[in-house]
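Derivation of every value follows stated rules applied to the coordinates shown; laboratory data play no part. In this text, all values refer to a predicted model and were calculated from it rather than measured experimentally. Cβ atoms come from the backbone with ideal geometry, glycine included; neighbour counts cover every protein chain shown.
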Amino acid sequence: MNTILDVKDLVIHYETDDGCVYAVNGLDLDLQEGETLGLVGETGAGKTTLARGIMGLVPDPPGRIRGGEIIYRGTDLLQCSNAEMRKVRGRKIAMIFQDPMTSLNPVTNVGLQIAEAIQSHEKLSRKAAMQKACQMLEQVGIPAERAGEYPHQFSGGMKQRVVIAIALACNPDILIADEPTTALDVTIQAQVLDMLRELRETYHMSMLLITHDLGVVAQTCDRVAVIYGGEIVESADVYTLFDQHLHPYTQGLLDSIPKLNEDVERLKPIEGMMPDPTQLPEGCRFCSRCAYADERCRTEHPNMLDLGNGHKVRCFRYETQEVEPHE
Amino acid sequence: MNENQPLLQVQNLKKYFQTPSGTLHAVDDVTFDLYTGKTLGVVGESGCGKSTMGRAILRLQEPTAGKVLFDGVDVTACDKRELKKLREQMQIIFQDPFASINPRMTVSQTIMEPLIIQNKIDKHDRTGLEKKALEIMDLVGLAPRLVNSYPHELDGGRRQRIGIGRALALNPKFIVCDEPVSALDVSIQAQILNLMQDVQKQMGLTYLFITHDLSVVKHFSDEILVMYLGQMVEKCGAKQLFAKPMHPYTQALLSAIPVPDPHVRMQKIPLKGELSSPINPPVGCRFAKRCPYACEACSEAAVPLRELEPGHFVACIKAGELPV
């Protein structure tokens, strides 16, 4: 498989009056052609900032990209001019935002909103663009007759379908989906996820799926990266991550969700809180909440360890400890 | 109080709203009993009327019809003064810990407000107030140093602890928990759920636990009530519901939960379309339009709730004949 997107050592900070928010700190991530990569983490871990960074949409000020590279098919997106980025955005890399209620224009009908995306990248007449927009609506399961309707006439699930239609209108290589189903009910979530999976296959896209729902990850992703305090702490293929997760944070995350097939008296939460991103701990970002943390964890920042088979973990414990390769 | 008497009896509770386009049936004919120390989970998709039901029980919203008996007293027939007295024992925890706490009140002021309103404590007795506030903060796991903090200084998990502390301050018997963990991250969610379980045991609380998260509700509840467009479609023990769901809607709902295990591939029961409008709903089964088993009889008359097994109520004319 080929790497289609390679994020290397990305650093994004927000400089505010109350101090510097260290949102993304030396983050490495690679997306392979045709795969779905899940990015899992909690509020404030830097998931959305990373997505915005890739799209070149970090608000500046206060956001500042302090360093790193984002290589898309051999070009560093961070070196691109605004005009060049506009050709990438939507055409090559498209994004679905979390809240379908606020990402559509309330005073333009949905057909035009899709056509606008098409016309900004392809030389098509308005009529031809509208025609293509109607096709896109059909693709996402909305009858083409509804193209003249406005967002308020659609339900949440339908609006998210419209957002997906806009994202896919120009047949992008990469789709970044930022919590695409968080605002939806489970039955609708299942419909939307199934649709995304089918469309990803038809269009041969690669997908970066950002979510905090481990169930969604297990059911849709090929590979998973866990993000904490603005850096990846563990990444592996989905089976390894669920069967043989090594980082104490990943363990804590998986332990803290109630499971349907097991009965437990008490849940096992991760003690403490996410560290304040203006004052990240010096050593391991997770040390204040980790049961295994020692002096070294508090002072020295751990590097990513490659355990083979694509399994990487950022924790000192596995420097010495032998890890059985996962079947 | 009689031990065998339910603490809360809800009988044919209805809440309708008049809208320009017709009558909105938010809660339609809900009936259940809830015993002391137990937790009833209420699940359903957004717009199915779960929150309205919780509010109607506390009369935060006036019910259109029906009765709510709390400890034998008819809540719906109370006048203002009696209601204020009753509210001492019936409290609510809201969904959004950002919107449900006054940003201009400190932690201790928020927690103490119910005690002052109910005249349980002299509002000029500053040492007494602080002592009591610290006691409750300790109970809900808030550090004493936060006593004079304002909500904006705290994160979602801590704010929800304030919300819980405020609900516990009057030592109530019954709490409506309206999606108390939906706005929180998973690791914090587990902390709050454990806390709620601990105080339930300590204080013998009874919960009505409203949520859309089915794995949380299974973990937390003794019994579960499934709602669809304002109506009860199924009610039974929590384990029973997951082991043997009988209503086609419950079956579809359960099958749609993404399982956090990549080895288990979900066998989803696809549902057609989305929730229809609760304004002027059809006469028959409200789920019929999306139901894979629907027949003509489903749309002809209202579907009664039947007890198919002891304690297992289902509102479906075909329930029992359908595959489980």
Original post:
Hey, can you rank A:210-223, B:255-268 by average C-beta count inside 10 Å, highest first?
Top reply: A:210-223, B:255-268
**OP:** State, as an integer percentage, the relative contact order of chain A based on alpha-carbon contacts under 8 Å between residues 6 or more apart.
**Re:** 20 percent
**OP:** Check the straight Cα-Cα distances from B:K239 and name the lysines below 24 Å, setting aside those fewer than 8 residues away within the same chain.
**Re:** A:K259, A:K268, B:K38, B:K50, B:K201, B:K218, B:K268, B:K318
Subject >> Principal-axis tilt of helix B:126-139 within chain B, Cα atoms, nearest 10 degrees >> reply: 40 degrees
Original post:
What is the average number of partner chain Cβ atoms found within 10 Å of a Cβ in A:258-268?
Top reply: 6
Original post:
In degrees between 0 and 90, to the nearest 10, how far off the longest principal axis of chain B does helix B:186-203 point, with axes built from Cα atoms?
Top reply: 70 degrees
**OP:** Arrange A:M274, A:M195 by Cβ neighbour counts within 10 Å, fewest through most, would you?
**Re:** A:M195, A:M274
Original post:
Using θ = phi - 60° and the Karplus form 6.51 cos²θ - 1.76 cosθ + 1.60, what ³J(HN,Hα) does each residue of the range A:75-92 get, whole Hz, x for Gly and Pro?
Top reply: 9, 8, 5, 6, 8, 6, 6, 4, 5, 5, 4, 4, 6, 7, 5, x, 8, 9
Original post:
Taking the Cβ of B:D125 as the center, what net charge do the other residues with Cβ under 10 Å away carry, scoring Lys and Arg +1 and Asp and Glu -1?
Top reply: +2
Original post:
Residue by residue through the range B:28-41, which ³J(HN,Hα) values in whole Hz follow from phi under the Karplus form 6.51 cos²θ - 1.76 cosθ + 1.60 (θ = phi - 60°), with glycine and proline marked x?
Top reply: 10, 6, 9, 9, 6, 10, 9, 9, 4, x, 9, 10, 9, x
Subject >> For B:Y228, distant residues with modelled amide H under 5 Å away >> reply: B:V233
Subject >> Net charge, A:P62 excluded, C-beta distance under 11 Å - Lys, Arg +1, Asp, Glu -1 >> reply: -3
Original post:
Cα-Cα over 30 Å: which of A:K92/B:K289; A:K47/B:K131; A:K312/B:K244; A:K92/A:K159?
Top reply: A:K92/B:K289; A:K47/B:K131; A:K312/B:K244
Original post:
Under a 5 Å amide H to amide H cut-off, with H placed in plane at 1.01 Å, what residues pair with A:I4 once short-range neighbours are removed?
Top reply: A:L31, A:Q32, A:E33
Original post:
Of all DSSP beta bridges located in the protein assembly as shown, what percent are antiparallel, nearest 5?
Top reply: 60 percent
**OP:** Name the long-range amide H neighbours of B:C177: under 5 Å, sequence gap of 5 or more, or other chain; modelled H, no Pro or chain starts.
**Re:** B:I93, B:L208, B:F209, B:I210
Original post:
How well do other chains shield peptide A:178-186, expressed as the mean number of their Cβ atoms within 10 Å of each residue Cβ?
Top reply: 3
Subject >> Most positive-pole-ward Cα, A:I270, B:F70, B:P262, against dipole of the protein assembly as shown from beta carbon charges >> reply: B:F70
Original post:
Is the shape of the protein assembly as shown best called rounded, prolate or oblate, per the rule: a/c under 1.5 gives rounded, else a/b larger than b/c gives prolate, else oblate, with a ≥ b ≥ c the square roots of the Cα gyration tensor eigenvalues?
Top reply: oblate
**OP:** Can you tell me the 0 to 90 degree angle between the C-alpha axis of helix B:156-168 and the longest principal axis of chain B, rounded to 10?
**Re:** 80 degrees
**OP:** Please give the net charge around A:I227, taking every other residue with its beta carbon less than 12 angstrom from that of A:I227, where Lys and Arg add +1 and Asp and Glu add -1.
**Re:** -1
Subject >> ³J(HN,Hα), Karplus 6.51/-1.76/1.60, whole Hz, each residue of the range B:210-226, x for Gly, Pro >> reply: 9, 7, 10, 8, 6, 6, 5, 5, 5, 5, 9, 9, 8, 10, 10, 10, 9
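With a ≥ b ≥ c the root eigenvalues of the C-alpha gyration tensor of chain A, is it rounded (a/c under 1.5), prolate (a/b larger than b/c) or oblate?
Values: a/c = 1.93, a/b = 1.59, b/c = 1.22.
Judged from the Cα gyration tensor, chain A comes out prolate (a/c at least 1.5, a/b above b/c).
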Original post:
Mind checking the mean number of beta-carbon atoms from other chains within 10 Å of the Cβ atoms in B:263-275?
Top reply: 4
**OP:** Calculate, for B:A143 and B:M105, the FRET efficiency according to 1/(1 + (r/R0)^6) with r their C-beta to C-beta distance and R0 22 Å; round to the nearest 0.05.
**Re:** 0.75
